[in-house]
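Accompanying notes for the structure given below.
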Amino acid sequence: MPNTLLETSVPRTLIAWTDRFARPEWRGAVVEGWLFEGAAARRGAEERLQAAGVQARLRSAYKPLLHFFLEEVDRDQLAAVTVRYPVHPLALPGRFMLEAYPLAAMLPALRFEPGGEDLHYEVSLAFKDGRTRTERVFAPNREHEGAGGAGLLSPTGWLRVRRQADQPPQIDERHETVFETLFARMMQAVRAYEWPAQEPYFERLDIRVDLPGIDEPLPLGHECVSTLEALHEDIYFSLLEFFQERSGRVLGDRRLQPGQIVPDVRATGAAPRLRITRTAFASVPAPAAEPAASAEPPLEALEAAPTAQRVARELQTILGQRFAAGSRQGRPVEGVYHQGKGAAVFVSGGQHANETSGVVGALRAAQALQQQLAHFAVLPLENPDGYALQRELAAQNPRHMLHAARYSALGDDIEYREQPPLYERAARDEALALSGAQLHVNLHGYPAHEWTRPLSGYLPQGFELWTIPKGFFLIVRHHAGWEAQARALMEQVSAALAQLPGLAEFNARQLALYERHAGKVPFQVLHGTACALSKVDRPGAPVTLITEFPDETVHGEAFRFAHTVQTEAALAAVRAWQSLARR
């Protein structure tokens, strides 16, 4: 039976404010408020207050500068924009420039300049007709303590009220919104619960949140702005941090095995609600009926992640020695070792199960390598439990990056698993043992739009370099004595990728926008692809090539492009490795 830690509802801040200031005693007042609600809901509340004789302007506390330009400026009439952004000691120097993302791609001649600690953007607007205008855009934040005792500066609600327009504010203070309250109550309930002494602490921890918020696409590629997605991310990573501290681990330790943390955040127009339940894993359901193979598009034409059943069927087309392990929840983790000519290479995908283009890329690469009579092992879906969770959550929020599906059902990163039972990790070890591969091509992805944690300092702690897209890039890791081969591999693969139609332009566009908001890319750029090289001392192949495509949330033609790039990167690595492997 499920064990309920907390079930509660919280008044909606927007309704509470509207009810309060629509009373007769506030007629003639001027109300300014910042909260985590969508523009349509805020405009509706303003109209209700106007009917009660109250002048109101309700703004977004989340990404306030972006929403200023979306809601209060005619962008088509702009000629140039200069923004002085806050620089605060509790935030990284470029935090507020990052928070303005992706304005550099939406506004003409935008220039950023660092400002002072005051939490306002100073905005100078020049219009095509010669007019100019200066605005101060408030960015309400609160100072608080985060994981590990670190000081943080996080967006918050704010309320400013004047009795009359020409009077000083009678109220001008932080106001905890329902968005913040639900998160705080969730953390309080988890901290107060009597958890077992040892990991794992549960099988599945469900955090269901229903609340109104912002969840809208932006007029730029795959960018969107979503407080619902941001809350999912903040819940998931905040709970990882809590359990890391509880277990005595350092923050960011990927070996932590708390169990499967499942934030399910959904939009609602009803009363905001929170329910936390600790449950046992459900039995793995029987595969659902699927269309006949003749009715399915071929792998190269897939516009969305395939089902696990489709992955298994495609793997059956690869001849060779089959190997398998079992996941924590009992799903098969299947691969094939194909004996052939030349130096062996191991190709894998789906270690982080919300990074789905690598799954298709691994299958497409294996099918091409089989036709070439190559020597390889393939493991296309390393994390089937996470993959199942990704599909479960994406049914509600297909645009969200859903990092709760990133790790295994134990809650750890499979690559870092050291102690038995190894579950999924055993399949990777078997692939390397059977093939003797000295190169592991590990196909990964990362968010295709901005990744934030607004209640924990805004930037995702430990993943600050991943907060906005920077194109497809390569990470090459090597053991001692293998640097020369690793460097040569990086050079040859990046050179081959430069010939792939559309990739150079895709990378250049995303790298340019990244540098406008985050500064210089902290990687070497080879042949138009960002690359990073590092020495590691971890089990595995002597050289590992990790690909990173911004695939989380992409569909349609963008997904086809993503898995095509993954495929071509894997094939280029196999070709290059034939002259680099040690005999």
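Beta carbons within 10 angstrom, averaged per residue: use that to sort the peptides 120-126, 564-570, highest first. Intermediate values should be presented prior to the final figure.
Values: 120-126: 18.4, 564-570: 25.7.
So the peptides 120-126, 564-570, ranked by packing, come out 564-570, 120-126.
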Checklist outcome for this item: Restricted to the chain, the DSSP antiparallel beta bridge percent, nearest 5, is 60 percent
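Tell me the mean residue ellipticity at 222 nm calculated for the chain from its helices only (DSSP H runs of n ≥ 4, each -39500 (n - 2.57), averaged over every residue, nearest 500).
Details: 13 runs with 167 residues, N = 583.
Value at 222 nm, helices only: -9000 deg cm²/dmol.
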Checklist entry - Taking the C-alpha atoms of the range 157-248, how large are the radius of gyration and the largest Cα-Cα span, Dmax, in Å? => result 18.8, 61
Item to check | Amide proton proximity set for Arg328, modelled H, under 5 Å, gap of 5+ | outcome: Ala409, Glu424
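Under the rule a/c < 1.5 gives rounded, and otherwise a/b versus b/c splits prolate from oblate, where does the range 144-299 land using the Cα gyration tensor? Walk me through the intermediate numbers first.
Values: a/c = 2.24, a/b = 1.34, b/c = 1.68.
Oblate, since a/c reaches 1.5 and b/c is not below a/b.
Expressed as a whole percent, how much of the Cα-Cα distance distribution for the range 295-345 exceeds 16 Å? Write down the numbers at each step before the final one.
Details: 695 of 1275 pairs.
Of all Cα-Cα pairs in the range 295-345, 55 percent lie more than 16 Å apart.
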Next on the checklist: I'd like the accessible area for Lys128, computed on protein heavy atoms only with a 1.4 Å probe and all protein chains in place. Round to 10 Å², please.
Outcome noted: 140 Å²
Next on the checklist: Sorted from largest to smallest, which semi-axis lengths in Å does the alpha carbon gyration tensor of the chain give for its equivalent ellipsoid, taking the root of 5 times each eigenvalue?
Outcome noted: 45, 28, 21
Next on the checklist: If each residue of separation counts as 0.36 nm, what is the full-extension length gain between Arg75 and Arg509 once their alpha-carbon separation is subtracted?
Outcome noted: 154.1 nm
Next on the checklist: Given 25 °C and 0.890 mPa s, compute D for the range 296-406 with the Stokes-Einstein relation, Rh being the Kirkwood radius over Cα pairs; round to the nearest whole µm²/s.
Outcome noted: 171 µm²/s
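Could you quote the convex hull projected area for the range 23-66, Cα atoms only and averaged over all directions, in nm²?
Values: hull surface 11.9 nm².
Taking the Cα atoms of the range 23-66, their convex hull projects to 3.0 nm² on average.
What net charge is computed for the residues neighbouring Ala61, neighbours being all others with C-beta under 12 Å from the C-beta of Ala61, Lys and Arg scored +1, Asp and Glu -1? Don't skip to the answer; put the middle values down first.
Values: positive: Arg42, Arg59, Lys63, Arg142, Arg174; negative: Glu32, Glu37, Glu99, Glu176, Glu180.
Spelling it out: positives minus negatives among the neighbours equals 0.
How large is the translational diffusion coefficient of the range 419-569 in µm² per second when you combine the Kirkwood radius over alpha carbon pairs with Stokes-Einstein at 25 °C and 0.890 mPa s?
Values: Rh = 16.8 Å.
Here the translational diffusion coefficient equals 146 µm²/s.
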Checklist entry - Roughly speaking, to the nearest percent, how much of the chain's 1.4 Å accessible area is carbon and sulfur? => result 50 percent
Checklist entry - Once all Cα-Cα distances of the range 192-244 are split into 10 Å bins that start at 0, what whole-number percent is in each one? => result 18, 39, 25, 14, 4
Checklist entry - Using θ = phi - 60° and the Karplus curve 6.51 cos²θ - 1.76 cosθ + 1.60, what whole-Hz ³J(HN,Hα) does each residue of the range 165-172 get, with Gly and Pro shown as x? => result 4, 9, 9, x, x, 7, 10, 7
Checklist outcome for this item: Any trypsin sites (Lys or Arg not before Pro) in the range 6-96 that lie in a DSSP loop and have at most 15 other Cβ atoms within 10 Å would be Arg27
Item to check | Stokes-Einstein translational diffusion, the range 87-133 - Kirkwood Rh over all Cα pairs, 1.567 mPa s, 4 °C, in µm²/s | outcome: 106 µm²/s
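Summing +1 for each Lys or Arg and -1 for each Asp or Glu, what net charge is found among the other residues whose Cβ lies under 10 Å from the Cβ of Cys224?
Around Cys224, the surrounding residues sum to -4.
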Checklist entry - With point charges of +1 on the Cβ of Lys and Arg and -1 on the Cβ of Asp and Glu, referenced to the Cα centre of the range 18-167, which listed residue (Gly157, Ala39, Gln50) lies farthest in the positive direction of the dipole? => result Gln50
Checklist outcome for this item: With Gly115 itself left out, Lys, Arg at +1 and Asp, Glu at -1 over residues whose Cβ is under 9 Å from its Cβ give -3
Next on the checklist: Rolling a 1.4 Å sphere over the protein heavy atoms, what is the accessible area per residue of the range 382-531, to the nearest Å²?
Outcome noted: 33 Å²
Checklist entry - For the range 29-94, what is the Kirkwood estimate of the hydrodynamic radius, computed as the reciprocal of the mean inverse distance between distinct Cα atoms, to one decimal in Å? => result 14.0 Å
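Kirkwood Rh and Cα-based Rg: tell me the resulting Rg over Rh for the range 89-227, rounded to two decimals. Provide the component values of the computation, followed by the final result.
On the way: Rg = 20.2 Å, Rh = 19.4 Å.
Rounded to two decimals, Rg/Rh equals 1.04.
The values are calculated or read from the model by the stated rules, or taken from the named source; none is laboratory data. All figures in this text were calculated on a predicted structure; none of them were measured in a lab. In this analysis, Cβ positions are derived from the backbone assuming ideal geometry, glycine residues included, and neighbour counts consider all displayed protein chains. Note: accessible area is taken over every heavy atom of the protein model, side chains too, but ligands, DNA and RNA are not part of it. Shrake-Rupley method; radii C 1.70, N 1.55, O 1.52, S 1.80 Å.
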